[in-house]
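A.B. asks: Sharing a structure with you now.
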Amino acid sequence: MRHPAATTADAPSAAQKHILTVLVISQVLSGAGLAAGITVGALLAQEMLGSTGLAGVPSALFTAGSALAAVAVGRFSQRRGRRPGLAAGYATGALGSLGVVVAAVAGNAPLLFAALFVYGAGTATNLQARYAGADLAEPRHRGRAVSTVLVATTVGGVVGPNLASATGALAHSVGIPHLAGPFLLATAAYAAAAVVLAGWLRPDPLLLARALDARTPTATGTAEERGSTGGTPRGGAGGVTLGAAVMVLTQLVMVAIMTMTPVHMHAHGHGTTASGLVIAIHVGAMYLPSPLTGLLVDRFGRLWIAAASGVTLLAAGVLAAAAPPASVPLLATALALLGLGWNFGLVSGTAIITDTVPLATRAKTQGLVDVAIAIAGAGGGMASGVVVAVGGFTALSLGGGILALAVLPVIAYAARPRPAAGR
C-alpha cells in the first residue's frame, strides 16, 4: 500500500478528508482531558488550600501554561509541521495531568500548581488543532473546516465531566483523592491523542499546503485576496488584530464565569454530579454548535458572527446572575449560552486569522495569537475567584456579560468604510 503522502500531494481534497478524520479522533480523546480541569480544578484547589479566593488559581495556571505551550507548539509546527507539534503538545498535557494526580496524593500545593501549569499544554494543543483543519481548506469553506475539528471535542468534553463521580470513585478506591479522579482520565486521554496524531496525521496539513502553494501560488490566493473572504477587512495586520481581539475578549469572559460556576454551585449544596452536568452542557455548547457556526461564518461573514458572540455572552451573564443558586436548569442554560457565545467568537476569529496570514508565517502567528487568548483566560480565571470573594457570583456574571459587549466597537471600527486610494 502506498503511503498517504505519496498519493495525496496530487489530491488535496482527499488529503483534507483524511486529515480531518484523524483530527476528529484526536479531538474526541483530548476533549475528555480538557474537561478535567474545568470540572474539578477549582474544587481541588479549594479543598487543598481551604480558600475560595484562590479557587481561580488552577484555571489561571493551566491557562497561563497554555500560553507558553501555544508559543512552543506554534513555533515547532512552523519548523516541523502540525503532526509533531500537536503530538508533543498532547504528550506534555498528559504529563501535567499525571503530575496533578501525584500532587493531590502527596497533598503538595506547589507541585499541584506546577503540574497544572504543564497540564495547560493540552488546552493549547486542543485549540491549535483547529488551525490544522483549515490549512488545506478552500477560503469559502474555512469556517466549516474549523468547525469540524472543534465539534469533535464535544464528545470527550461532554462525557468527561459526567464521569467526574465515576473517576473520583475509582481514584478513591486506589487511595487517590476523589477530586483527582478526572485527571487520571485526562492523563490517558491526552496520551492517546498524542499517539493518534503521531501515527496517522500524514500527510502533514501545513507542510502539504506549503508544497501546493509553492507549486501553484495562485491556487490559494494571496493574503490580500483571502482577507476579503466573508466580510473580513483587508490587510494582514488589521485582520490579525481583529481576530485576536474577538477571541481574547470571548475567552476572558467565558473562562471567568465558567471557572467559578462549580464553586458557586458547591457553596449552595450541589455535588460534583450536578456541577459536572452543568459543565458538560457548557462544554457541549462550546463545541457542538460548531458546524452551524461554520456555515453561518461562511454564509454571512466573519464580522456578523463575531458581533453575535458579544450579544450572546451578555445574555449568558445576565441569566447566570439572575438564576437562583438552587436552579440547576437555569444555571445550565446560562452556561450553555456562555459556551455558544465563545463558539461564535472562536470560529469567526479563527477564520479571520487564517484568511489574513500567509502560509510562510501562519503557524507562528497563530501560536502568538493563541498566547494572547491564553493570557486572557489566565487573567479571567485568576480574577474570577477574587471578584466572587469580594462581590459575589452575581457581580462576576453581570460584569463579564457587559465586558463582552466590547467586541462590538472593535468590529464596528474594523468594518468602517475605507477611503479610496489616493485620497
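A.B. asks: For segment 81-222, evaluate the Debye formula with one uniform point scatterer on each Cα (no solvent term) and list log10 I(q)/I(0) at q = 0.11, 0.21 Å⁻¹, rounded to two decimals.
C.D. replies: Scattering profile of segment 81-222, log10 relative to I(0): -0.50, -1.22.
A.B. asks: Please give the length that would be gained between Leu111 and Ile402 if that part of the chain were fully extended, namely 0.36 nm times their separation in residues minus their C-alpha to C-alpha distance (nm, one decimal).
C.D. replies: Working it through step by step, the gained length comes to 101.1 nm.
A.B. asks: Could I ask something else about it? Is segment 327-420 best put as rounded, prolate or oblate by its Cα gyration tensor, with a ≥ b ≥ c the root eigenvalues, rounded for a/c under 1.5, and otherwise prolate when a/b is larger than b/c, oblate when not?
C.D. replies: It comes out prolate by the Cα gyration axes.
A.B. asks: What is the order of Tyr119, Tyr90, Tyr413, fewest Cβ neighbours within 10 Å to most?
C.D. replies: Least to most surrounded, the residues fall as Tyr413, Tyr90, Tyr119.
A.B. asks: OK, next. Based solely on its DSSP helices, what 222 nm [θ] is calculated for the chain when runs of n ≥ 4 H residues each add -39,500 (n - 2.57) and the sum is averaged over all residues, nearest 500 deg cm²/dmol?
C.D. replies: About -27500 deg cm²/dmol.
A.B. asks: Still on this structure: Determine ³J(HN,Hα), in whole Hz, for all residues of segment 147-159 in sequence, where each value follows from phi through the Karplus function 6.51 cos²θ - 1.76 cosθ + 1.60 and θ = phi - 60°; x replaces Gly and Pro.
C.D. replies: 5, 4, 5, 5, 5, 5, 5, 4, 4, x, x, 7, 5
A.B. asks: Could you grab the relative contact order for segment 291-365? Cα pairs under 8 Å, six or more apart, rounded to a whole percent.
C.D. replies: It comes to 37 percent, rounded to a whole number.
A.B. asks: Could you tell me the calculated FRET efficiency between Phe300 and Val386, based on Cβ-Cβ distance and R0 = 56 angstrom, to the nearest 0.05?
C.D. replies: Approximately 0.90, to the nearest 0.05.
A.B. asks: Here's another thing I want to ask about it. Please order Met48, Met286 by the number of other Cβ within 10 Å, starting at the fewest.
C.D. replies: Going from least to most buried by this count: Met48, Met286.
A.B. asks: Taking the simple approach of a point 7 Å from Cα along Cα-to-Cβ for both Ser13 and Ala214, what is their distance in nm?
C.D. replies: Between Ser13 and Ala214, the label points sit 2.6 nm apart.
A.B. asks: Sticking with this structure for a sec: Please list, in order along segment 277-291, the HN-Hα scalar couplings obtained from phi with the Karplus expression 6.51 cos²θ - 1.76 cosθ + 1.60 (θ = phi - 60°), rounded to whole Hz, x for Gly and Pro.
C.D. replies: Result, rounded to whole Hz: 5, 4, 5, 4, 5, 4, 5, x, 6, 5, 10, 4, x, 3, x.
A.B. asks: Taking the number of other C-beta atoms within 10 Å as the exposure measure, put Arg144, Arg215, Arg302 in order starting with the fewest.
C.D. replies: Arg215, Arg144, Arg302
A.B. asks: Starting from the eigenvalues of the Cα gyration tensor, five times each then square-rooted, give me the equivalent ellipsoid semi-axes of segment 137-219, largest first, whole Å.
C.D. replies: 40, 15, 7
A.B. asks: Would you work out the relative contact order for the chain, in percent, from Cα pairs under 8 angstrom that are 6 or more residues apart?
C.D. replies: 25
A.B. asks: Can I ask one more? Helix 362-391: angle to the longest alpha-carbon principal axis of the chain, degrees 0 to 90, nearest 10?
C.D. replies: 30
Readers should treat all values here as calculations from the given coordinates under stated rules, not as data from a laboratory. Just so it is clear, the model here is predicted, and its values are computed rather than measured. For neighbour counting, all protein chains shown are included, and Cβ atoms are generated from backbone atoms with ideal geometry for every residue, glycine included.
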